[in-house]
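What follows is calculated from the coordinates using simple rules that are stated; it is not laboratory data. Here the structure is a predicted model, which means the values were calculated and not measured. Note: ideal-geometry Cβ built from the backbone for every residue, glycine included; neighbour counts use all protein chains shown.
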Amino acid sequence: MAGDAGLVLDSDQGKYDAEERVKIICLGDSAVGKSKLMERFLMDGYRPQQLSTYALTLYKYTTTIDGKSVLVDFWDTAGQERFQSMHPSYYHKAHACVMVFDVQRKITYKNLANWYKELREYRPEIPCIVVANKIDADMKVTQRNFNFAKKQGLPLYYVSAADGTNVVKLFKDAIKLAMSYKQNSRDFMDEVMRELENFEMEAKEQKSSEGEEDPFKEDTELV
Ligand SMILES: Nc1nc2c(ncn2[C@@H]2O[C@H](COP(=O)(O)OP(=O)(O)O)[C@@H](O)[C@H]2O)c(=O)[nH]1
Ligand SMILES: [Mg+2]
């Protein structure tokens, strides 16, 4: 997989000239394995940026999707989830969400409803993946039905940060969903409409200034 993906170990993003940039957030109770999952995906040599003021950890990751370079900002909580709520800035402009529970602790599954409610208050439409983590502890759980995901119409992934099962697939799919949301969302359409309006205005300006030239030409012809 060399050359396909790489970690950005520097905070100077200007250097990386990514054609696209997406933000993916991670939600779920304390100790469900959010950080371990990201570390497992990013593996060797990752260097998270601890932004203690904001109680979050930011991981940067670059990859290529459909021939385009993509810079992914993975946002991980750093303790604030203990209060069962995240600061609004955590959700701000996120393009996808990875929502994790621990298959060994029922309360973390029950709390998904709260996390999901808060997510939807801030980001009503972004793609969200439900993640059943720690399946290595009891493989039988993969046969169990976790109805929350089905009820909400969300995809459910059975993963293990400890042995790596499905971790790469989970994050690669999350990146693809984030990209597709960014390209198709109404926010994005707004940008396109603005661009079109500007383009039309420029075209009109050009036309009217062309119009102004004609009388002058006639004048010169008259001389
Ligand atoms: N058995 C098992 N333990 C895990 C797994 N993922 C995380 N853990 C353990 O769960 C604890 C909490 O993990 P952490 O990533 O810090 O959780 P976070 O608070 O959600 O970020 C740690 O002791 C991890 O070693 C897993 O897939 N399997
Ligand atoms: Mg953590």
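What is the local net charge at residue 153, summed over the other residues whose Cβ is closer than 14 Å to its Cβ (Lys, Arg +1; Asp, Glu -1)?
Net charge around residue 153: +2.
With a Förster radius of 45 Å, plug the Cβ-Cβ distance of residue 107 and residue 17 into 1/(1 + (r/R0)^6) and report the FRET value to the nearest 0.05.
Details: r = 45 Å, r/R0 = 0.99.
E(calc), rounded to 0.05, equals 0.50.
Could you list the GluC sites (Glu not before Pro) in the range 85-126 that lie in coil according to DSSP, counting only those with at most 16 other Cβ atoms within 10 Å of their Cβ? Working shown, then result.
On the way: sites: 118, 121, 125; in loops: 125.
For GluC sites (Glu not before Pro) across the range 85-126 that sit outside H, G, I, E and B with at most 16 neighbouring Cβ atoms in 10 Å, the list reads 125.
Provide Rg and Dmax in Å for the range 49-190, with only Cα atoms included in the calculation.
For the range 49-190, the Cα-based Rg and Dmax read 15.4, 47 Å.
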